[in-house]
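Just below is one structure, and these are the notes that go with it.
The values are calculated or read from the model by the stated rules, or taken from the named source; none is laboratory data. Worth saying up front: this structure is predicted, and the values here are computed from it rather than measured. Cβ placement follows ideal geometry from the backbone for every residue including glycine, while neighbour counts extend to all protein chains displayed.
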Amino acid sequence: MNKILAIEASGLVASCAIATEEKIIGEFSLNLKLTHSQTLLPMVDEVVKRTGTDLNEIDAIAVSGGPGSFTGLRIGSATAKGLGLALNKPIVAVPTTQTIAANIFGFEGVIVPLMDARRSQVYTGIYRNNAEGFTVVRDQMAVSIDEIIDTVNEIGEPVIFLGDGVPVFREMICEKIKVKAQFAPANNSVQRAGSLAVRALDMFQRGLFVPAADHVPDYLRLSQAERERNEK
């Protein structure tokens, strides 16, 4: 049975988990205004100790691969890569929007994570997650909030929105959505290492992993500093 260490640092939440296909053995999360550099490694150390896990026995290290906060992705990726190199374990980089969408199961419609990317842009994707498995309807992308609302309206199915972009764009969604829409509750709306681990185990079994030395985060678009430099 495969065992995985999952590290989530793509947004405001810092989270880590140890899981197998059968269960989440341990999971810690913090949603505080502390930098991930302060919280992540101590959290990993604590979950390893509390679960009595020998890191040499894990099969892979999972990390939220992006998009997300540029700083958070760098910290999460550096932590995962450092552990992977030290332990000689591969990295499973799970697209962040898939990680968020995995919080929802059995919804009869489409799942749409929204991450606030500023300037009325969102990182998003469209998914299903039910008894038939996890399905990518539209791969993750950086688009305007208007564009993703239009796309959901075109699909014409019930939708559940979740993610840190919901509070920012909820009013606009309610005004423009033409299908039956719901918003996930707080316990299902943010990144969780447990959900990351579930997606990572599925990807690991399908061979979707890389050596630790080859892992790089997927920022999906240029950083603000890079955009401003190009504009000059």
Item to check | Test result for GLU175, out of contact with any helix residue (DSSP H, G or I) (no Cβ under 6 Å at 6 or more places or on another chain), more than 20 Å from LEU73 (Cβ to Cβ) and at pLDDT below 95 | outcome: no
Item to check | Residue check for GLY133: buried (at least 17 other Cβ atoms within 10 Å of the Cβ) and outside the structural domain of VAL44 (by TED's automatic domain parsing) | outcome: no
Checklist outcome for this item: All-but-one check, VAL190 against (1) touching a Phe, Trp or Tyr at 6+ places or on another chain (Cβ under 9 Å); (2) among the aliphatic types (A, V, I, L, M); (3) in contact (Cβ under 8 Å) with a residue 24 or more places away in the chain, failing number (1)
Checklist outcome for this item: Just one listed residue, out of LEU196, LEU220, is of a type outside the set (Phe, Trp, Tyr), surrounded by 13 or more Cβ atoms within 10 Å (Cβ to Cβ), in contact (Cβ under 8 Å) with a residue 60 or more places away in the chain and farther than 30 Å from LYS23 by Cβ, and it is LEU220
Item to check | Elements of type helices (runs of 4 or more DSSP H) in segment 23-107, at least 3 residues being under 26 Å from TYR127 (Cβ atoms) and under 15 Å from the mean Cα position of the chain (by Cα) | outcome: 70-87, 96-101
